[in-house]
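K.L.:
This is the structure I want to talk about, given as structure tokens.
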């Protein structure tokens, strides 16, 4: 099991010998405007550059788009990703959007699982602001869906499952997934992004703390830290917090860094 942090929510997961590109946001720094009505890093979106050449990210076996918000699948990804690559979507509706971009092999993640070359993928539920009526109103005004997904990876070749929690706060969906699949490693999106101001869309440091206190045996990777204009958590903040709270099983990779488990 390898986890390579690329930028923000974009990563490459190597599991049972297969490489999956997760949530490709490939535009240059500042290509998109800042998210309105919330915190602002002042650098636009994405708020930092890729740590590698775009073409290096295409050397994968498949792509997973947990949902189609711009910071998980952007216009540049739609244009430049090789159209022959298998790409997994969270729903039939989003699969049709991806097919409209010209992708030839679009597959749908299912809660009951789907197979890919010896790896079984299970879709999990998220609370990406869906429990907040204020955030739901903001999504509706912007023509955006509140739906997002996580993914559990399983294989007979790997000792324990890997759980990519996706864009979610710490909630019952996350607890249910960990208790059901018993992953050894969990990647959490932990930028503390808000929309609108004061309303969490994904985990912040206290969500991470609560999850790790609930499941002390799990190794946790903090991804989707920094990288977007509406982030409220930086790597420096999270590392200091982890040291204070003695979160010895929390890994916070830099952009471009690969963790090997």
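The values are calculated or read from the model by the stated rules, or taken from the named source; none is laboratory data. Model, not experiment: these values are computed from the prediction. In this analysis, Cβ positions are derived from the backbone assuming ideal geometry, glycine residues included, and neighbour counts consider all displayed protein chains.
K.L.:
Looking at segment 157-168, which of the residues that are free of Cβ contacts under 8 Å to residues at least 60 places away in the same chain and surrounded by fewer than 24 Cβ atoms within 10 Å (Cβ to Cβ) is farthest from residue 211 (Cα to Cα)?
P.N.:
159
K.L.:
On to the next question. Tell me which residues, restricted to segment 28-44, are over 22 Å from residue 199 (Cβ atoms) and touching a strand residue (DSSP E or B) at 6+ places or on another chain (Cβ under 8 Å).
P.N.:
30, 31
K.L.:
Can you tell me which condition residue 36 does not meet? The list is (1) surrounded by fewer than 19 Cβ atoms within 10 Å (Cβ to Cβ); (2) within 30 Å of residue 118 (Cα to Cα), and all the others hold.
P.N.:
Exception for residue 36: condition (2).
K.L.:
Would a scan of segment 27-38 turn up a residue that is closer than 26 Å to residue 122 by Cβ and in a loop (DSSP other than H, G, I, E, B)?
P.N.:
no
K.L.:
Do the conditions hold for residue 204, that is, is it more than 22 Å from residue 13 (Cβ to Cβ) and touching a residue at least 24 places away in the same chain (Cβ under 8 Å)?
P.N.:
yes
K.L.:
Moving on to the next point. Within segment 53-77, which residues are over 19 Å from residue 109 (Cα atoms) and either in contact (Cβ under 8 Å) with a residue 12 or more places away in the chain or assigned to a loop (DSSP other than H, G, I, E, B) (or both)?
P.N.:
Correct list: 53, 54, 57, 58, 59, 70, 71, 74, 75, 76, 77.
K.L.:
Working carefully through the options 150, 102, find the one that is over 20 Å from residue 180 (Cβ atoms), at pLDDT 95 or above and either surrounded by 14 or more Cβ atoms within 10 Å (Cβ to Cβ) or touching a helix residue (DSSP H, G or I) at 6+ places or on another chain (Cβ under 9 Å) (or both).
P.N.:
So the residue among 150, 102 that is over 20 Å from residue 180 (Cβ atoms), at pLDDT 95 or above and either surrounded by 14 or more Cβ atoms within 10 Å (Cβ to Cβ) or touching a helix residue (DSSP H, G or I) at 6+ places or on another chain (Cβ under 9 Å) (or both) is 102.
K.L.:
Does any residue in segment 8-22 that is closer than 16 Å to residue 159 by Cα come within less than 6 Å, Cβ to Cβ, of a residue that is assigned to a loop (DSSP other than H, G, I, E, B) six or more places away or on a different chain, and which pairs are these?
P.N.:
Partner pairs satisfying both residue conditions: 15/1; 16/118; 16/155; 16/157; 16/158; 18/61; 18/117.
K.L.:
When you scan segment 169-194, how many residues do you find that are in contact (Cβ under 8 Å) with a residue 24 or more places away in the chain, over 16 Å from the mean Cα position of the chain (by Cα) and farther than 20 Å from residue 131 by Cβ?
P.N.:
Count: 3.
K.L.:
Name the residues in segment 78-96 that are over 25 Å from residue 29 (Cα atoms) and assigned to a helix (DSSP H, G or I), would you?
P.N.:
Of everything in segment 78-96, those that are over 25 Å from residue 29 (Cα atoms) and assigned to a helix (DSSP H, G or I) turn out to be 92, 93, 94, 95, 96.
K.L.:
When residues of segment 178-208 are filtered for being touching a strand residue (DSSP E or B) at 6+ places or on another chain (Cβ under 7 Å) and more than 24 Å from residue 231 (Cβ to Cβ), how many remain?
P.N.:
4
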